[in-house]
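Remarks on the structure that follows.
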């Protein structure tokens, strides 16, 4: 368990106190106690301070979780923090000057909620959902998008079974930004079949921030942000760790991860963490056949080192992720005739459904992503300053099914499509907290350099420079909370495009402005209402400007337009949340109007030597999206919980002559889960939960025939069942065992959000077992 | 197609981070560059087929005609140029087909040889519409199945129509029929029998 020391004392303060405090015991320790998972205040917590020099001092926090201890002597302290419903926990800290410390406590398993959805109190303009600890455990080892889809309103947009991208409110790729360890994840994000390179085992929390309003994370993400936030480092002496393993029956995936973190009492300022993991999976099985060449193989390592002082912190983070993703051989087609044949046949050909194998052959993707980050934070009495410098390197290599005909060249086994992207980012953030008033200012510089290393280019070589600045202010007035934020992003592209065997240079400059406001009001202790309004602009992405070429999986030609205008989105979101002992509910209703929405417009057929291909051009249009996300949780008895979540979306393209539907928008869906979580004295029965989940996904009826390659698949429903058990071997050693069966009834279905829905059925029954040991 | 490494404006950032990176087991960007890092040149460039040449010889008169389907700038861009095949009625022809990469006019590549080398993985299918316009029989063999690089055509009564020519890549799945495998080429040429 770990906690972060948030704010230190002003530098002058420190100097003064250090001089005066050596012999006098007049130091003050104050702060707040909160829930480790949702950040909520823990009222009436007991704190017990012990040090070698002084006697025990006990204090209680107030109803807001605030505590304060005066008259402390300088020295090392252990603080035992206890709260009803939480494990008592011991924290170690060194007191040289008065300081503010925030303690975070871990809840029992039975107190954990399945999906915690809460509007962050600090920023009324932001709507944030977090993957709960229980869900994190249950989905450990799954791809990012497959984990995030447990959050209502978030979907997984897939290409086959092992390439998935998070989709928020109907948007993915260029309209979603992933923030990994505080850094904008820079990859070939534009591609539908380019999954984010995120370690599936990393010791992190996942959050989804909806709308473009979270300006501190970036501009232009009209759909929202995915935050991958490493958990706080261990600050007390000793070494902790975690071993996780899992096995999945369907694709016979086995995976393991090891995390170690520690701190030494000899150098209490230094904390570290190191992680490593791998996954290996073979062909997935649909109810009636195996899908050949759908295995995956990935590895990741990461480490971080941090030096903590009262007034500053320095941290270095490194991560490397490599993956090899097999692509279903039956989804590789030569032309439109082949695609139509694939759509017409009920099941893939025999040769593409031969059986199980771990071997990954062509076609496949080979991806490497590396992140290095250095961060320096300076804490003042009520404010903090943070600098982050990062470098990312991304290599994407795609190997086609067919090798070159020329035997000599084929023997080289080189990728048909290969891109490398190198990017640097420098960021500065300043935060000032004046109790009821909170400011944040920041700015950044970045560059991206994209190199095409293959003959197939699809997108060109480019360099880009980005500069941005933002400001946020949050104000609390009684039961009201107001927020306002603004951000400006400047982007400059320098494009080197191959035209008639010669490089031609193009230059573009874009500015994008984001403005967001929000107000929330606590109607009572139990319910809260908030309204968020924002305006956001997004500059066209490189593929929208310059893509040129054939999409193999969809047999279509795609052409960029370097004259595209930037998008402008107007978004309103109304959130109402109510929480009582037996009942939680949250309803989010939103509308988003996007002027100059950039989309692929069908533009007849182009004749090529492989026949005629449908052609799509990137164009500006206007679009309107409306949606409702509903979450309800009932606790009729202390052992039982019933939850409902549903997500509804209407998405239109507003042409002058007709109203067409936007393509690839999630169909409406409903999910129910019944959880039994006995709370007994009996140690054997305690600490476990059993759940049953039912999901119904409607057929996507809102589609545009002119754009769809095939009609959307039928509605489907899925059942899943699971068991989670927590073990306590000693005070230090705990374990978790999870067992679940997805697609319990082995239903045959296809999903509209899977780009390979033309070729094969979805995965059949999958039983998964995972075990983790914390020490 | 590698471009220069450092953008001018971000140089200080690069240098600073470089120092950071050098101390670590950083991965580098020269993994695969040895093969294809010269601008505009790539080892797998030869894969492109831009042109199909059909050589038609009247078996009685030995008069040879050549028809071309060509799209030298590849997918998109300019439209392909397509010849109309003109044949005499009720005549037998010996036909050879060639595949070329003419994307670089100064260096035309003949892909036909590579298809001959792997003739057990390739099949060329000819479909006349209407069916009663032309009868095409493949005359060459990979040892087991026909290939289609050589064929005889028999024309019937005077009429207009089209001929579809499909090159299938069928590694491991060739069974003499057109359905398995992937389509490498699918073109239609107008035909006048007059």
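The values are calculated or read from the model by the stated rules, or taken from the named source; none is laboratory data. Note that the structure is predicted; figures quoted are calculated from it, not measured. Heads up, the Cβs are rebuilt from the backbone with ideal geometry, glycines too, and the neighbour counts pull from every protein chain shown.
Only residues that are in a strand (DSSP E or B) and either without any contact (Cβ under 8 Å) to a residue 24 or more places away in the chain or surrounded by fewer than 16 Cβ atoms within 10 Å (Cβ to Cβ) (or both) were counted in segment B:163-194, giving 6. If you filter segment A:487-532 down to residues that are within 14 Å of chain B (Cβ to nearest Cβ) and assigned to a loop (DSSP other than H, G, I, E, B), you find that the one that is farthest from residue B:76 (Cα to Cα) is A:501.
Checked against the criterion of being loosely packed, with under 15 Cβ neighbours inside 10 Å, within 18 Å of residue A:594 (Cα to Cα) and modelled with pLDDT under 95, the candidates A:655, A:620 yield just one match: A:655. Note on segment A:622-645: residues that are over 29 Å from the mean Cα position of the chain (by Cα) and not in a loop (DSSP other than H, G, I, E, B) amount to 1.
For segment A:555-580, filtered to residues that are more than 14 Å from every other protein chain (Cβ to nearest Cβ) and assigned to a loop (DSSP other than H, G, I, E, B), the residue that is farthest from residue A:598 (Cα to Cα) is A:580. Exactly one residue out of A:678, A:666, A:713 is more than 20 Å from residue A:288 (Cβ to Cβ), buried (at least 19 other Cβ atoms within 10 Å of the Cβ) and touching a residue at least 24 places away in the same chain (Cβ under 8 Å), and it is A:666. Taking the criterion of being over 30 Å from residue A:562 (Cβ atoms) and either buried (at least 19 other Cβ atoms within 10 Å of the Cβ) or in contact with a helix residue (DSSP H, G or I) (Cβ under 9 Å, 6 or more places away or on another chain) (or both), the residues of segment A:574-599 that qualify are A:575, A:577, A:584, A:586, A:588, A:590.
The residue of segment A:190-219 that is surrounded by the fewest Cβ atoms within 10 Å (Cβ to Cβ), among those that are touching a helix residue (DSSP H, G or I) at 6+ places or on another chain (Cβ under 9 Å) and without any contact (Cβ under 8 Å) to a residue 60 or more places away in the chain, is A:204. Apart from one condition, residue A:398 fits all of (1) more than 22 Å from residue A:451 (Cβ to Cβ); (2) more than 10 Å from chain B (Cβ to nearest Cβ); the exception is (1). Among residues of segment A:600-613 being at the interface with chain B (Cβ under 9 Å from one of its Cβ atoms) and assigned to a strand (DSSP E or B), the one that is surrounded by the fewest Cβ atoms within 10 Å (Cβ to Cβ) is A:612. Considering only strands (runs of 3 or more DSSP E) fully contained in segment A:220-269, which possess at least 2 residues that are touching a helix residue (DSSP H, G or I) at 6+ places or on another chain (Cβ under 8 Å)? Answer list for segment A:220-269: A:224-230. Filtering segment B:86-117 to residues that are more than 10 Å from chain A (Cβ to nearest Cβ), under 18 Å from the mean Cα position of the chain (by Cα) and under 22 Å from residue B:57 (Cβ atoms) leaves B:95, B:96, B:97, B:98, B:100, B:110, B:112, B:116. Regarding segment A:683-698, can at least one residue be identified that is at positive phi, modelled with pLDDT under 90, surrounded by 14 or more Cβ atoms within 10 Å (Cβ to Cβ) and in contact with a helix residue (DSSP H, G or I) (Cβ under 6 Å, 6 or more places away or on another chain)? Looking through segment A:683-698, at least one residue is at positive phi, modelled with pLDDT under 90, surrounded by 14 or more Cβ atoms within 10 Å (Cβ to Cβ) and in contact with a helix residue (DSSP H, G or I) (Cβ under 6 Å, 6 or more places away or on another chain). Looking at residue A:358, is it touching a residue at least 40 places away in the same chain (Cβ under 8 Å) and closer than 26 Å to residue A:195 by Cα? So residue A:358 fits the description; yes. Just one of the listed residues (A:286, A:264) is more than 27 Å from the chain's Cα centre (by Cα), modelled with pLDDT of 95 or more and more than 14 Å from chain B (Cβ to nearest Cβ), and it is A:286. Could you check segment A:727-741 and list, in sequence order, the residues that are surrounded by fewer than 20 Cβ atoms within 10 Å (Cβ to Cβ) and touching a residue at least 40 places away in the same chain (Cβ under 8 Å)? Hits for segment A:727-741 are A:727, A:728, A:732, A:733, A:734.
The residues listed here are A:355, A:374; of these, the one that is within 10 Å of another protein chain (Cβ to nearest Cβ) and touching a strand residue (DSSP E or B) at 6+ places or on another chain (Cβ under 6 Å) is A:374.
Yes/no per residue for (1) more than 13 Å from every other protein chain (Cβ to nearest Cβ); (2) touching a strand residue (DSSP E or B) at 6+ places or on another chain (Cβ under 9 Å); (3) at pLDDT 95 or above:
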{"residue": "A:362", "(1), (2), (3)": "no, yes, no"}
{"residue": "A:370", "(1), (2), (3)": "no, yes, yes"}
{"residue": "A:381", "(1), (2), (3)": "yes, yes, no"}
{"residue": "A:402", "(1), (2), (3)": "no, yes, no"}
{"residue": "A:415", "(1), (2), (3)": "no, yes, no"}
{"residue": "A:421", "(1), (2), (3)": "no, yes, yes"}
{"residue": "A:425", "(1), (2), (3)": "no, yes, yes"}
{"residue": "A:428", "(1), (2), (3)": "no, yes, yes"}
{"residue": "A:438", "(1), (2), (3)": "yes, yes, no"}
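Under the condition of being in a loop (DSSP other than H, G, I, E, B) and closer than 21 Å to residue A:402 by Cβ, the residues counted in segment A:298-344 number 6.
Here A:560, A:611, A:604, A:627 are screened, and the one residue that is touching a residue at least 40 places away in the same chain (Cβ under 8 Å), at positive phi and touching a strand residue (DSSP E or B) at 6+ places or on another chain (Cβ under 8 Å) is A:611. Every condition in (1) surrounded by 19 or more Cβ atoms within 10 Å (Cβ to Cβ); (2) at pLDDT 90 or above is met by residue A:471 except one, and the failing one is (1).
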